[in-house]
Amino acid sequence: MKKKDRMHKGGIEKFIANFGWPRIIIAIFLLLLFVIAPFIGIDVGTSLSDMLVRVGMNGILVLAMVPMIQSGCGLNFGLPLGIIAGLVGAVTSMEYNWQGLFGFGMAVLFAIPLAVLLGVMYGYFINMAKGDEMMIGTYVGFSVVAFMSMMWLRLPYRNPLLVWGFSGTGLRTTISLTGFWMKVLDNFLAIRIGPRFFFPTGSFIFFALCCVLVWAFFKTKTGIAMSAVGSNPQFARAHGVSEDRMRIVSVVLSTVLGAVGMVVYEQSYGFIQLYMGPLYMAFPAVAAILLGGATINSATISNVVIGTFLFQGILTMTPSVINGMLQTDVAEVIRILVSNGMILYALTRKGKGTVK
Amino acid sequence: MKPKYSLKGALISNLVPIVFLMFAAFAVPMSGLSIPYLLHEMISRLARDSLLVLSLVIPVLAGMGLNFGMVLGAMAGQIGMVLVVDWGLGGMPALLVAALLGTPISIGLGYFCGYILNLAKGREMVTSYIIGFFMNGAYQFLLLYCMGSIIPITNPELLLSRGYGIRNSMDLPNIRQVLDRLVSVEVFGMDIPILTFAVIAVFCLLIVWFKTTKIGQDMRAVGRNRAVANGAGIPVEKTRILAIIISTLIACYGQIVSLQNLGTINTYNSHEQVGIFSIAALLVGGATAENASIANVFVGVFLFHLMFVVSPMAGKNLIGDAQLGEYFRVFVSYGIIAVSLLLHAWKKRHEMLERRLLENDGKE
């Protein structure tokens, strides 16, 4: 009896150790929010579909963290590079007035080569700065966003729906996707139950597809080599894997995923925000994957999925519930504390032995 | 082999100020701004920002890189300022009381920041950066929700219309430039705030003196090599926490000096940019994440702000678009941090490879 007890306890402890306290606390908190919601007059159906739409919207941006974490490049704070490629793709597709799924597809198609290009450049930077990847990534991302702000003013886009009406040049700060390819994925095979519940099937299929592709990639020879470079560089080198090359491949992959993720984000959001809009977009994605249980040097697809659900759940539920209960808008502060607290937790957790 | 690399290192560490000087030489005539105007601006800005940038020197000495957590000090200074304004104080007493209020808050925040950075050794910069964001949330919570509800605020003019929470911006009519104007000398029609510069000089001397003390020497040892310092019986973690506390304190005073010069507080924005601008300025001055001197501080503040004042006008005259100049300015302040960190990391890596290569040669 005693032994069985101990075993049982050991099992729970092991589960908690595997799952991590922050994740458990956040999951319980989220559950609590959903339980409270109906009592203060919040419709669970609406909240649930809001959350699902946001998961579909942000999932691939979170997925873009995985290749770089796996290859030992740390958290991809340089996500804005991919985002910029996604923006250029979207704007170019819109310049030609392409609509519907075709317009969306063309945006992705335009975005990918640029993302590859930016990714190769970023990869070289990352290799120059081994050990300082995250700081460099942050500032390379910021620099590119600021540089593109100058470019948005100057690039020769002419479609009157995109540029400032007054001067006829320079892209607008916010461009609406209405009439182009707004919500084409979200509405694709969408399931509606009752007046309030909406399931964005298309976005989920696309997200799942990307997840499967990334998962399958890490089963290929290149993918295994990439993980090896991240977890044991000496071993990888001994087996003839070029560390630097693998790292560049991982950065390119992350950047391409970021670009695709951004186009998906835009179609769901319905607007394109240029100029300083993408500046801080890496942070929610970083926080989400960490919330999902990833560390600085290991991430799985399940981390992505769990993390996106938890993080977006918190983001959707806290404002409505807290505002309903306290009549304040304290949710923004909670968002800042939760997301940055999560990043801090991850940065301090694996503090030993990872200094290169 | 060795001399070649140190020469390269010297060139790289001076490359950044040289590039900026060249840029200034090109952009100053382009902007069409007069030299006296620029000089006046530079003096005002040196008085405003030097102390903030100075706060970054000590953590670099302790091998903790650029302390993005200095925004915590700026927050402490602002909390002090808000309370002082609420109590209706003005003039020099207001500044002193604000500094007095900011001191314990900075020490607390500095301890917190140092403690966390000890958990993330080797990743201090990115961690301190995130700490800044995290504490910004706490700061917003304090000022937006606690002040006026839990913490009593008597002056209703400071509060948002809903009855609690501090307004987004406030003027400091009784505090505006009190330190600058208390003792100032007019030279060629320019007011030179002697007292402000005296305060900055005192802090410079304190830092120089501190470096020569036992603790300062310990700090340098910790910065060079933690393991060796530990072996020599230096309490590594405590020394690192102390470095961050000092940095946070100086940043707090720096923010107070900076706010009295500006005469307004943007309650929720003033501190956010402080970290980025101070770090960019220090790097422009030729410092790296491993080496920063007081000279770097002043050269950096001067060059960075020269670029800051000149580039929108230069952009306007050159391309006919002031907005483009604005973005250029943002681009340069982020780009300079990226490039300096990159050059520095690359240099460090090459030195390491070089050393490894030499060791292997020795073995064979």
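Just one of the listed residues (A:R247, A:R237) is of a type in the set (K, R) and either surrounded by 24 or more Cβ atoms within 10 Å (Cβ to Cβ) or under 30 Å from A:L31 (Cα atoms) (or both), namely A:R247. Going through (1) away from chain B (no Cβ under 14 Å); (2) more than 20 Å from the chain's Cα centre (by Cα); (3) among the hydrophobic types (A, V, I, L, M, F, W, C) one by one, A:I83 falls short only on (2). Of the residues B:M70, B:M81, B:M64, B:M75, the single one that is within 23 Å of the chain's Cα centre (by Cα), surrounded by 24 or more Cβ atoms within 10 Å (Cβ to Cβ) and more than 28 Å from B:L172 (Cβ to Cβ) is B:M64. Whenever a residue of segment B:250-268 is farther than 20 Å from B:M147 by Cα, its partners that are outside any helix (DSSP H, G or I) and among the polar types (S, T, N, Q), lying with C-beta atoms within less than 8 angstrom and at least six residues away or across chains, give the pairs B:I250/B:S55; B:A251/B:S55; B:G254/B:S55; B:Q260/B:Q177; B:N261/B:Q177; B:G263/B:Q177. A:W152 passes every criterion in (1) more than 10 Å from every other protein chain (Cβ to nearest Cβ); (2) within 24 Å of the chain's Cα centre (by Cα); (3) more than 25 Å from A:M65 (Cβ to Cβ) apart from (1). For first residues located in segment A:258-274 and in contact (Cβ under 8 Å) with a residue 40 or more places away in the chain, partners that are among the basic types (K, R) and lie 6+ apart or on another chain with Cβ distances below 7 Å form the pairs A:Q267/A:K183; A:S268/A:K183; A:G270/A:K183. Filtered by the rule that a residue be of a type in the set (A, V, I, L, M) and within 12 Å of chain A (Cβ to nearest Cβ), segment B:294-334 gives B:I319, B:A322, B:L324, B:V330, B:V332. Return yes or no: is A:V108 among the β-branched types (V, I, T), touching a residue at least 60 places away in the same chain (Cβ under 8 Å) and surrounded by 24 or more Cβ atoms within 10 Å (Cβ to Cβ)? For A:V108, the condition - among the β-branched types (V, I, T), touching a residue at least 60 places away in the same chain (Cβ under 8 Å) and surrounded by 24 or more Cβ atoms within 10 Å (Cβ to Cβ) - is not met. The set of residues in segment B:335-357 being basic (K, R) and within 11 Å of chain A (Cβ to nearest Cβ) consists of B:K347, B:K348, B:R349.
For segment A:111-127, which positions are surrounded by 20 or more Cβ atoms within 10 Å (Cβ to Cβ) and either free of Cβ contacts under 8 Å to residues at least 24 places away in the same chain or under 30 Å from B:H350 (Cβ atoms) (or both)? Within segment A:111-127, A:A115, A:L118, A:G119, A:Y122, A:G123, A:F125, A:I126 meet the criteria. Just one residue in the set A:G131, A:G123, A:G137, A:G141 is part of a helix (DSSP H, G or I), within 14 Å of chain B (Cβ to nearest Cβ), over 30 Å from A:R192 (Cβ atoms) and more than 18 Å from the chain's Cα centre (by Cα); that residue is A:G123. A single entry from A:G324, A:G293, A:G351 fulfils the requirement of being within 28 Å of B:I116 (Cα to Cα), touching a helix residue (DSSP H, G or I) at 6+ places or on another chain (Cβ under 6 Å), more than 14 Å from chain B (Cβ to nearest Cβ) and at pLDDT below 85: A:G293.
When A:M226 is evaluated against the numbered criteria (1) under 20 Å from the mean Cα position of the chain (by Cα); (2) surrounded by 11 or more Cβ atoms within 10 Å (Cβ to Cβ); (3) of a type in the set (A, V, I, L, M, F, W, C); (4) modelled with pLDDT of 85 or more, which criterion, by number, is the only one it fails? Failing condition for A:M226: (1). Selection of segment B:43-81 for residues being within 18 Å of B:R224 (Cβ to Cβ) and assigned to a helix (DSSP H, G or I) yields B:V57, B:I58, B:P59, B:V60, B:L61.
A residue that is farther than 25 Å from A:L279 by Cα, among the hydrophobic types (A, V, I, L, M, F, W, C) and in contact (Cβ under 8 Å) with a residue 60 or more places away in the chain occurs nowhere in segment B:327-348. So, B:A120, is that one of a type in the set (G, A, S), on the phi < 0 side of the Ramachandran plot and away from chain A (no Cβ under 13 Å) or not? Answer is no for this residue.
Any idea which of A:V241, A:V286, A:V304 is more than 25 Å from A:D329 (Cβ to Cβ) and part of a helix (DSSP H, G or I)?
A:V304
Which count do you get for residues in segment B:169-213 that are under 30 Å from B:R224 (Cβ atoms) and touching a residue at least 60 places away in the same chain (Cβ under 8 Å)?
Total satisfying the criteria: 7.
Any chance segment B:183-199 includes a residue that's at pLDDT 80 or above, of a type in the set (S, T, Y) and either outside any strand (DSSP E or B) or surrounded by 15 or more Cβ atoms within 10 Å (Cβ to Cβ) (or both)? Yes, segment B:183-199 contains at least one residue that is at pLDDT 80 or above, of a type in the set (S, T, Y) and either outside any strand (DSSP E or B) or surrounded by 15 or more Cβ atoms within 10 Å (Cβ to Cβ) (or both).
Answer yes or no: is there a residue in segment B:128-142 that is under 30 Å from B:N230 (Cβ atoms), surrounded by fewer than 20 Cβ atoms within 10 Å (Cβ to Cβ), at the interface with chain A (Cβ under 9 Å from one of its Cβ atoms) and in contact (Cβ under 8 Å) with a residue 24 or more places away in the chain. Scanning segment B:128-142 turns up no residue that is under 30 Å from B:N230 (Cβ atoms), surrounded by fewer than 20 Cβ atoms within 10 Å (Cβ to Cβ), at the interface with chain A (Cβ under 9 Å from one of its Cβ atoms) and in contact (Cβ under 8 Å) with a residue 24 or more places away in the chain. The residue of segment B:143-157 that is nearest to the other protein chains (Cβ to nearest Cβ), among those that are hydrophobic (A, V, I, L, M, F, W, C) and surrounded by 18 or more Cβ atoms within 10 Å (Cβ to Cβ), is B:L144.
The values are calculated or read from the model by the stated rules, or taken from the named source; none is laboratory data. Just so it is clear, the structure is predicted and the values come from calculations on it, not from any experiment. Note that we place each Cβ from the backbone using ideal geometry, even for glycine, and neighbour counts take in every protein chain shown.
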